[in-house]
Amino acid sequence: MSRAPEQRPAADGKRHGAYRLAGWLWLSILVACALWLGVMLRHGLPADTDLTALLPADRQVPLIEAADRQLGSGFENRFLLLLGADDRVAATEALGQSLQTLVDSDQLAAIDWRELDLADDDPHDWMGAWRYRLLTPAWQQAIHSDGGQSLVTPALRRLFSPTARPDPVADPFGLLDAWLSRLPQSPIGASDGLLTLEADGQTFSVLIGKLTGSPYDLGMQAALHQTLERFQQTHPQAELLRSGLVFHAAAGARQARHEMSTIGAASLIGVLLIIGFVFRSPRVLAQLMVPLLAGSLFALTLTLGLFGRLHVLTLAFGASLIGIAIDYVLHLQSDRAIEGAGFRLRRLMPSLAFGLISSVIAYAAQALTPMPGLRQMAAFAAFGLVGAWLSVVLWLPRFRLHASPFTARLAERWWRLCQPRWRLSPWLALGAAVAMVALCLGKLQSDDSLELLNPSPADLMQQEARVQQLLDRDTGSRYLLVRAKTSEALLSRLHALDRTLDAAIADGLGIDYQSLARSVPPAAIQQANLARVRTLYGKPLEALIATAGLSPDVAERARERLDEAPRLTLEAWLQTPLGELQKRLWLGRTPAGDIAATIVISGARDAATTARLERIAASQPQTVYVDRLSRIGRLLAELRHHTAGWVALAMALMSVALIWRYRRQAWRVLVPPFGATLIVLSAFALFGVPLNIFNQLGLLLVLGIGLDAGIFNVEHARKPSAWLAITLSSLTSVLAFGMLTFSATPALHYLGLTCLIGLASVWLLVPWVRPLDGATTMDRENTLNRGEPRHG
């Protein structure tokens, strides 16, 4: 018995030494993470922005993604301005000269607005050799019907027309002019020496800009925006319409800066004022950041090392670590500030440990999904929480902290003020849950539209839509993706699809399309066209020459040219000025070894049209119909469904773990997180707010913070410090995330709205389920507290 007092300090010393060693070990791990991260980031952060990267490998279609990028490349690297004004010529010159200064300073690659800027060589010069193999369907039919006799009279008129450019030897019938007239014509023309567009009874000047680099270059965005703003200030009566990714990117950047300077600044100032007011110590503000930074470093390093790349949605989702990890900091700091020298870490360890375990279990459930993006988010969140928790437990108790008497008085008064007059019974909680579930099942709706990802203001979207309508063009959001073994087989397949589409259009399908086969017929068609021209250059040519009074040797010289007529290939066509305009339709050789191209669809967009186009695609092998907008919507819906399933699984696993630990008291822990979730969903159902992937991600934050609040509410039922920490956690998280409700970006708005309602509900529910007698938990804490060395 006499040795017991000596043995106990020795044991305490060993535990204290092991605790100190663990802190240094954790610091060395973070230093290694920082070095490793520096090596991985030496060439920049390898990040994914493509939503399909969140899909399983067998669900991703790299060729479709390549087609999307190819069709959108012109939209990304160029922009277009339409200018309408009373003195259009002077206004256009002023705007063009202003934009030219950006070209001179290398902010832009080029700006075209004069008639000569886009002047191409005469297609007669470089298309002449192929003209004998290119016939329109109408000419094919005319030669088939009467050998081409009906084409003689139009050719005579052309030969003697003062405005035509007849060449009796090279092209006596005007084959090339007829074929060129069938190609899609640009609505952009020339007037007064300027590029112009005439539509809807208005005349607009057209200015086409080309970027030197990325449309996301902030310096270039700012220079372009300032130039256009200055022009509109000096020409207030002018109408200026914008089209191009650079304008949407710039609007998103301006909006982000505005919200950071308003919403973000207000949130940060609010958090700092609240923490400073409660703890009366600047050290707390600094110490709050230590676990968050450590957890973020640990999560970023391990996730990047494990997956090789990070999706931007993972980084956005990682922000939820702040809301959950700050719980650990606030509970520990609140207890330290109030207890002072009497603080014991071991007293908080059961609730801190169980809060971490339950949260990690919830995120680990996400790792079971087949979605690689969700697994990446789960890994980032789990690593981050573990890193933040270890920093809280191993480091914060060793930091000095001034314990202000004000904090203890505030906690005691706040705890007494928030005591409810009655407690919530489990049966009433169950009945309310059943009613809310029924409401959600009956009225809750969902929305997976692309608008959730679009931060552009409505005015800019209206301008974009009007420009597209005036130009009568499509950005390539719908297309048929066609593959074949060779270029010739691909042309044959495209030609067959063109004929099917033409028949459908004649039958009333309200679409138009762009296809390479319209410009480059298959080899068999070209050979048949050459044979038709030989027929045309027989008696019809002789009749034309005789009637026109031309020398008989003209016919012979014209026929000699047919022997030298080369076949037009896809590769040769794409090198011509006209072919350059269609390069976006050409994908070339794929990684699978075949050849691919697209047929871009424009016009009507409805269920019947979609079904008809899908049937047309199914009629040809290796052909699929792609609607980019619908595809992204389906992806968002799939992510939402997987997230919902994951949340349900996480809730089930957490329930089992909580029941195992708390037995009959488990419902008191479950009510704050689950009740808040049901309140959010019920509010959405009542007020018609659609459910989407972003407010579901917000629900994960509500679940995490609500779970911690429920655990501490039961573990430390009669401790004012616990209620103060729960209040601070809810309030700071509302300021950090709930304020996003006022964001103009739909995704952030829905995330913020979910957090605002959910976190407020967590805070309101906690007092109503607080145990009346906290003796059992306090007894356990006192037992665990025996023999622990002091910290802080």
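The values are calculated or read from the model by the stated rules, or taken from the named source; none is laboratory data. Everything quoted here is computed from the prediction, not taken from an experiment. Using ideal geometry, Cβ is built from the backbone for each residue, glycine included, and neighbour counts are taken over all protein chains shown.
Summary of values
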item: Only one of Ala109, Ala119 that is of a type outside the set (D, E, K, R), exposed (fewer than 15 other Cβ atoms within 10 Å of the Cβ) and either closer than 23 Å to Pro566 by Cα or at pLDDT below 85 (or both); result: Ala119
item: Some residue of the range 586-593 being touching a Ser or Thr at 6+ places or on another chain (Cβ under 6 Å) and farther than 30 Å from Asp167 by Cβ; result: no
item: In the range 229-244, the residues that are touching a strand residue (DSSP E or B) at 6+ places or on another chain (Cβ under 8 Å) and either part of a loop (DSSP other than H, G, I, E, B) or of a type in the set (S, T, N, Q) (or both); result: Gln232, Ala238, Ser243, Gly244
item: Some residue of the range 277-292 being closer than 30 Å to Glu464 by Cα and surrounded by 14 or more Cβ atoms within 10 Å (Cβ to Cβ); result: no
item: Residues that are among the β-branched types (Val, Ile, Thr) and in contact with a Gly (Cβ under 8 Å, 6 or more places away or on another chain), drawn from the range 532-564; result: Thr535
item: Every residue from the range 434-471 that is out of contact with any strand residue (DSSP E or B) (no Cβ under 9 Å at 6 or more places or on another chain), part of a helix (DSSP H, G or I), at pLDDT below 80 and not aliphatic (A, V, I, L, M); result: Glu451
item: Some residue of the range 532-554 being more than 29 Å from Gly588 (Cα to Cα), part of a helix (DSSP H, G or I), in contact with a helix residue (DSSP H, G or I) (Cβ under 8 Å, 6 or more places away or on another chain) and without any contact (Cβ under 8 Å) to a residue 24 or more places away in the chain; result: yes
item: The range 564-582, subset surrounded by fewer than 15 Cβ atoms within 10 Å (Cβ to Cβ) and at pLDDT below 85, residue nearest to the chain's Cα centre (by Cα); result: Glu580
item: The range 35-46 - residue that is part of a helix (DSSP H, G or I) and surrounded by fewer than 12 Cβ atoms within 10 Å (Cβ to Cβ) and, of those, farthest from the chain's Cα centre (by Cα); result: Leu35
item: Test: residue in the range 314-330 that is under 22 Å from Tyr662 (Cβ atoms), out of contact with any Lys or Arg (no Cβ under 7 Å at 6 or more places or on another chain) and at pLDDT below 75; result: yes
item: Conditions (1) closer than 30 Å to Val393 by Cβ; (2) over 22 Å from the mean Cα position of the chain (by Cα); (3) not acidic (Asp, Glu): number failed by Leu304; result: (2)
item: Boolean, Ser487 is in contact with an Asp or Glu (Cβ under 6 Å, 6 or more places away or on another chain) and among the polar types (S, T, N, Q); result: no
item: Residues of the range 258-313 that turn out to be under 16 Å from Ala388 (Cα atoms) and charged (D, E, K, R), as a count; result: 0
item: Some residue of the range 240-262 being over 24 Å from the mean Cα position of the chain (by Cα) and closer than 30 Å to Leu108 by Cβ; result: yes
item: The range 487-507 residues that are outside any helix (DSSP H, G or I), paired with ones that are loosely packed, with under 15 Cβ neighbours inside 10 Å (beta carbon under 9 Å, 6 or more apart); result: none
item: Long-range neighbours under 8 Å by Cβ, at least six apart or interchain, first residue over 21 Å from Ala266 (Cα atoms) and modelled with pLDDT of 85 or more within the range 718-744, second among the β-branched types (Val, Ile, Thr) and part of a helix (DSSP H, G or I); result: Pro720/Ile338; Ser721/Ile338; Trp723/Val766; Leu724/Val278; Leu724/Ile338; Leu724/Thr407; Ile726/Val766
item: Strands (runs of 3 or more DSSP E) fully within the range 126-227 counting 1 or more residues that are surrounded by 18 or more Cβ atoms within 10 Å (Cβ to Cβ); result: 194-199, 202-211
item: Filter pass, Phe231 being buried (at least 17 other Cβ atoms within 10 Å of the Cβ), at pLDDT 85 or above, among the aromatic types (Phe, Trp, Tyr) and more than 27 Å from Val520 (Cβ to Cβ); result: yes
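Residue-by-condition table, conditions (1) over 32 Å from the mean Cα position of the chain (by Cα); (2) surrounded by 16 or more Cβ atoms within 10 Å (Cβ to Cβ):
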position	(1), (2)
Gln445	no, no
Pro457	no, no
Glu464	no, yes
Leu470	no, yes
Leu480	no, yes
Asp498	yes, yes
Pro521	yes, yes
Gln526	yes, yes
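Residue-by-condition table, conditions (1) of a type in the set (D, E, K, R); (2) farther than 25 Å from Val386 by Cβ; (3) buried (at least 21 other Cβ atoms within 10 Å of the Cβ); (4) in contact (Cβ under 8 Å) with a residue 12 or more places away in the chain:
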{"residue": "Leu686", "(1), (2), (3), (4)": "no, yes, no, yes"}
{"residue": "Leu691", "(1), (2), (3), (4)": "no, yes, yes, yes"}
{"residue": "Leu697", "(1), (2), (3), (4)": "no, no, yes, yes"}
{"residue": "Phe712", "(1), (2), (3), (4)": "no, no, yes, yes"}
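Matching residues to (1) part of a helix (DSSP H, G or I); (2) under 28 Å from Leu356 (Cβ atoms); (3) more than 36 Å from the chain's Cα centre (by Cα); (4) aliphatic (A, V, I, L, M):
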{"site": "Leu390", "(1), (2), (3), (4)": "yes, yes, no, yes"}
{"site": "Phe406", "(1), (2), (3), (4)": "yes, no, yes, no"}
{"site": "Arg413", "(1), (2), (3), (4)": "yes, no, yes, no"}
{"site": "Ala432", "(1), (2), (3), (4)": "yes, no, yes, yes"}
